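Input: a single structure, listed below in structure tokens.
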Amino acid sequence: MEETVTYNRKVEKVLANINKVMIGKEDAATLSLVALLAQGHVLLEDVPGVGKTMLVKTLAKSLDCDFKRIQFTPDLLPSDVTGVSIYNPQKMEFEFRGGPILGNIILADEINRTSPKTQSSLLEGMEEKNVTVDGKTIPLSQPFFVMATQNPIEYEGTYPLPEAQLDRFILKLRMGYPSFMEELEMLEITSKDHPIETIDAVMTREELIGVQEEVKEVYIDKNVQHYIINLVSGTRSHPSIYLGVSPRGSIALMKAAKAYAYILGRDYVLPDDVKFLAPFVLTHRIILTNEAKYDGLTAEELIDSIVNKTHIPIRKEFH
């Protein structure tokens with residue numbers, strides 16, 4: 001128990017670091033940590049300049065892990081992500097030179113500015129935790145966490161992510177513009193040195209892996225599991241949804257709820273945890289019908305409607 005308390009304090013320190021740099025983005029900080037502790041990945045979508053990249057950098061600097069950045073551009077090749085074998089004339093053999101995907105914390109910056117073929121080069125690593133280069137399977141070091149940023153698809157020069165790629169992200173977040181007072185505080189704290197320069201690593205790689213193992217042990221009641229399945233089933237039967245959430249989405253919501261409960265200092269999941277996380281986990285996993293798109297409906301609106309209509313189990317229903 002004491003070890004869990006110690007880990008929770010270090011989780012609090014990571015959050016404190018992020019909130020010191022990212023003014024008014026407490027939810028984004030918490031949800032990013034949820035994804036990391038649940039061993040998932042995050043997709044950050046928003047307009048340029050609202051702090052997407054800074055959030056990833058701050059998280060990476062708070063952890064004593066190997067940080068790599070991939071700046072996606074239209075001419076980026078899959079081998080630029082995974083690595084390539086280069087012939088060494090002195091040894092008369094090919095040597096593998098690993099790409100940036102072989103780090104622990106990966107910033108995939110502006111992922112939708114590159115071609116779908118290069119986007120998919122992340123797919124195997126995100127799902128299987130290994131990459132295949134020249135017929136050889138190379139395991140990725142643990143922990144492995146991808147935080148991808150993208151600009152809205154309406155922006156010029158962007159390629160929409162394929163559904164298979166979107167489904168690999170446990171959460172999809174939007175940052176949003178700061179309020180007047182938040183932006184004023186940002187101006188004040190960055191007028192000299194940027195606050196990211198003042199933070200230090202507060203959790204080691206081994207401690208992070210330990211926390212991820214602790215999260216797996218968080219208890220989730222059968223009725224809360226039923227609640228998750230009812231939410232997901234609602235997306236499969238909704239007349240405005242062409243493609244509902246897959247079983248991978250159910251598992252993602254359960255894992256995220258465990259991590260969220262852990263961050264809040266609990267060893268059990270509440271239905272409210274699931275309800276809070278559902279929009280972030282499920283929205284990017286559905287495809288609307290053409291009629292729904294024509295009527296101006298959004299995935300966010302449909303998920304909110306399903307969440308509001310789904311029965312929430314009360315405590316006396318728990319086993």
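Here are the numbers for the structure shown:
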item: Looking only at region 17-38, and only at residues there that are of a type in the set (S, T, N, Q) and over 10 Å from the mean Cα position of the chain (by Cα), the one that is farthest from Y177 (Cα to Cα); result: N17
item: Boolean, L76 is modelled with pLDDT of 80 or more, out of contact with any Pro (no Cβ under 6 Å at 6 or more places or on another chain) and either in a loop (DSSP other than H, G, I, E, B) or outside the structural domain of E163 (by TED's automatic domain parsing) (or both); result: yes
item: Residue count, region 119-146 (criterion: touching a Pro at 6+ places or on another chain (Cβ under 8 Å) and closer than 13 Å to G40 by Cα); result: 1
item: Region 164-201: number of residues that are modelled with pLDDT of 90 or more and either part of a loop (DSSP other than H, G, I, E, B) or surrounded by fewer than 17 Cβ atoms within 10 Å (Cβ to Cβ) (or both); result: 2
item: Among (1) in a helix (DSSP H, G or I); (2) under 15 Å from V281 (Cβ atoms) - the single one N17 does not satisfy; result: (2)
item: Only listed residue being touching a residue at least 24 places away in the same chain (Cβ under 8 Å) and either assigned to a strand (DSSP E or B) or not assigned by TED's automatic domain parsing to the domain that holds K61 (or both), chosen from T149, T118, T137; result: T149
item: Test result for F94, outside the structural domain of I286 (by TED's automatic domain parsing) and more than 21 Å from D46 (Cβ to Cβ); result: yes
item: Residue check for V47: at pLDDT below 85, surrounded by fewer than 19 Cβ atoms within 10 Å (Cβ to Cβ), more than 19 Å from the chain's Cα centre (by Cα) and not in a helix (DSSP H, G or I); result: no
item: I229 vs. criteria surrounded by 13 or more Cβ atoms within 10 Å (Cβ to Cβ) and assigned by TED's automatic domain parsing to the domain that holds V21; result: no
item: Residue match in region 28-38 (condition: in a loop (DSSP other than H, G, I, E, B) and farther than 22 Å from P195 by Cβ); result: yes
item: Members of region 213-244 that are in contact with a helix residue (DSSP H, G or I) (Cβ under 7 Å, 6 or more places away or on another chain), under 19 Å from I312 (Cα atoms) and in contact (Cβ under 8 Å) with a residue 40 or more places away in the chain; result: I220, N223, V224, Y227, I228, L231, V232, G234, T235, H238
item: Test: residue in region 264-282 that is at pLDDT 90 or above, more than 24 Å from M175 (Cβ to Cβ), in contact with a helix residue (DSSP H, G or I) (Cβ under 8 Å, 6 or more places away or on another chain) and hydroxyl-bearing (S, T, Y); result: yes
item: Some residue of region 257-268 being within 23 Å of P160 (Cβ to Cβ) and surrounded by 22 or more Cβ atoms within 10 Å (Cβ to Cβ); result: no
item: Count of residues meeting criterion [over 20 Å from the mean Cα position of the chain (by Cα) and over 24 Å from N19 (Cβ atoms)] in region 181-228; result: 11
item: Pair list, Cβ < 6 Å and 6+ apart or interchain, from region 56-76 residues that are among the aromatic types (F, W, Y) to residues that are assigned to a strand (DSSP E or B); result: F67/I105
item: Filtered residue count, region 80-109, keeping only those that are of a type in the set (S, T, N, Q), at pLDDT below 85 and not in a loop (DSSP other than H, G, I, E, B); result: 2
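The values are calculated or read from the model by the stated rules, or taken from the named source; none is laboratory data. All figures in this text were calculated on a predicted structure; none of them were measured in a lab. As a convention, Cβ positions derive from the backbone with ideal geometry for all residues, glycine included, and neighbour counts pool all protein chains shown.
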